Amino acid sequence: MTGQPPLEVPIADSLSPTELMEQKLLTKRGCRWYKIGGQTVALVFGQIKAAGGFDKFMQPRFETCRHQWWLICARRNRLKL
């Protein structure tokens, strides 16, 4: 967000998180920001969790998790072919 122009209208600090998001989405900059959010990798993580049935890693060690993640990504990529 660095280098971005300020929001068009100042937003009050006393709003709930839902009201705050609604106010942000009423601005041009907020709309663009929200639209970009739908194109990020968070979407892929949601698809892996929902469609792939993946909830958590089997082992707590980093190296084991990394290998398991490679397998999960390879499975998803193969299904997309």
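Summary of computed values
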quantity	calculated
Leu81 paired with Lys35, simple spin-label distance in nm, labels 7 Å along Cα-to-beta-carbon	3.5
Net lengthening on full extension, Thr18/Val44 (0.36 nm per residue, minus Cα-Cα)	6.9 nm
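Read the figures in this text as sums done on the coordinates, not as results from a lab. None of the values given here were measured: they were computed from a predicted structure. When we count neighbours, we look across all protein chains shown, and the Cβ atoms used for this are built from the backbone with ideal geometry, even at glycine.
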